[in-house]
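One structure is given here, and the rest of the page talks about it.
The values are calculated or read from the model by the stated rules, or taken from the named source; none is laboratory data. In this text, all values refer to a predicted model and were calculated from it rather than measured experimentally. All Cβ positions, glycine included, derive from the backbone under ideal geometry; neighbour counts span all protein chains shown.
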Amino acid sequence: MPPVPAVLPVTETGRPRWSVVIPVHDCAGYLAEALPEVLAQLGGDVDAGRAEVVVVDDASADDPAAVVGRLGRGRVRYEGQAVNRGAIGTFNHCLDLASGELVHLLHGDDLVLPGFYDAVEDALDDDPAAVAAVCRVEDVTADGRPTDVTRSYRRGTGRWTGALGSLAVSNRVRAPGVVVRRSAYEAVGGFSTDLPHAADWEMWARLAAHGPVVFVDEVLARYRRHDASDTSTRVQSGENVRERVTALTPVLAHVAPERRGALRRRALAYAAVFAGRTALQLARRGRWAGAARQARESVRCLALLVRPAPTPDGEPSPTPR
C-alpha cells in the first residue's frame, strides 16, 4: 500500500471544512474557467476560514500564477513546483497540502457546476460513516461542448451500496465529481505511483473497500476531454488499456477472494468493449494509428478472458490438469 501522505496536523478548531486543491500543468486557460465557479460557491467560506483553495503548479510552461493572482485576489494560494513531478506525484503533493476535513482534488482542466459543494457536503453530513461522495459528471470537449454524462447508480442521493463491485470492473466515476474525507485519505494512503494512468481508479476502489460511499444523483461537475491531456496521449498509444489490465490485480485485491474471478472476467470484457468503442471513435476522426492500437488492445483483452487468472504475485495460475 502507498505511504500515508505526510499531512501536517491541524487542530479541529483551526481546520477548514473544505480543501479544494487544484493540480495544473500547462492549462492556465482552463484554470481561468474553473476558478470563478469555485470562488462563487466557496468565496465566503474562504473569507471566513471555513475553506481553502490551493492551486498546485506542476512546473507549467504557461503562467497559472498570473491566473491565480488575477482571479483569486488573495483568496487562492499558489504553490509552485520547480521540478515536474508528473500527475500522480502532484496529486499526492496536493494531499500533503490539504488541511480541510473534506478534500476535493479538482484537476485544472475540469469544472464544477453551481451547487456542487453544498450538495456534496449535505450528502456527507447525512451519512457520517461515508468516506467519500461521488456525483454524476458531464463529459465535455476542449471548448466545453457536452458529449456524455456518467450514469446514475441509484435513484436519489444516498449510500451507493454496490460501489466496490462496480469500481472493481471499471473506473465508473470522474475525478472532478469525487470528494473524500481527509481522514479517509490519511487511513488508506496516497495515490499509487506504480499506476500513472489508473491510480485514480485504484484509489476509488481502495476507498470503497475502506468504507461506505455516498452517491449524489445530480450532474454537478464537468470532465474535459482534450488532445493535450495525459489521458488523450495514452489513448493514442493504447497504453490506457494496457494499464487498465495491469491495474486489475491491485484493484481486485480490495475485493473478497471469492468474487475476484467473476469480476476479473467482467472487467476484461468491459475493457475489450471500451477499447473497441474507442477505436471506432478514433477512426471516425481520422486518427488511424490510435484506432489500430485500440483495436489491437481490444483483441488482447478478449484473449486474456480465456487465460487463467493471475495469482496474487501477478503470475498466471497453473492450468488444471
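Please verify whether Ala247 is assigned to a helix (DSSP H, G or I) and either modelled with pLDDT under 90 or over 21 Å from the mean Cα position of the chain (by Cα) (or both), treating the condition exactly as stated. It is false that Ala247 is assigned to a helix (DSSP H, G or I) and either modelled with pLDDT under 90 or over 21 Å from the mean Cα position of the chain (by Cα) (or both).
So which residues in the range 281-292 are out of contact with any helix residue (DSSP H, G or I) (no Cβ under 6 Å at 6 or more places or on another chain), of a type in the set (A, V, I, L, M) and without any contact (Cβ under 8 Å) to a residue 40 or more places away in the chain? Passing the criteria: only Ala292. Taken over the range 254-280, the criterion of being out of contact with any helix residue (DSSP H, G or I) (no Cβ under 8 Å at 6 or more places or on another chain) and not basic (Lys, Arg) is satisfied by Ala256, Pro257, Glu258, Gly261, Ala262. Based on what the data block shows, is Val188 surrounded by fewer than 22 Cβ atoms within 10 Å (Cβ to Cβ) and not acidic (Asp, Glu)? The answer is yes for Val188.
Quick one: which strands (runs of 3 or more DSSP E) sit completely within the range 77-168 and have at least 3 residues that are in the same structural domain as Leu39 (by TED's automatic domain parsing) and either exposed (fewer than 14 other Cβ atoms within 10 Å of the Cβ) or modelled with pLDDT under 95 (or both)? It would help to see each step written out before you state the result.
Working: elements: 102-105, 132-140, 146-149.
Passing ranges, in order: 146-149.
Let's see how each residue does on (1) under 22 Å from Arg136 (Cβ atoms); (2) in contact with a Leu (Cβ under 6 Å, 6 or more places away or on another chain); (3) hydrophobic (A, V, I, L, M, F, W, C); (4) assigned by TED's automatic domain parsing to the domain that holds Thr147:
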site	(1), (2), (3), (4)
Val180	yes, no, yes, yes
Phe191	no, no, yes, yes
Asp200	yes, no, no, yes
Ala208	yes, yes, yes, yes
Leu220	yes, yes, yes, yes
Glu239	no, no, no, no
Glu243	no, no, no, no
Ala253	no, no, yes, no
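Filtering the range 250-272 to residues that are farther than 15 Å from Ser166 by Cβ and within 21 Å of the chain's Cα centre (by Cα) leaves Pro250, Ala253, Leu268.
Confirm whether Leu35 is in a helix (DSSP H, G or I) and either in contact (Cβ under 8 Å) with a residue 60 or more places away in the chain or within 18 Å of Arg182 (Cα to Cα) (or both).
no
Restrict the check to the range 279-296 and report whether at least one residue is over 17 Å from the mean Cα position of the chain (by Cα), at pLDDT below 95 and of a type in the set (S, T, N, Q). Yes.
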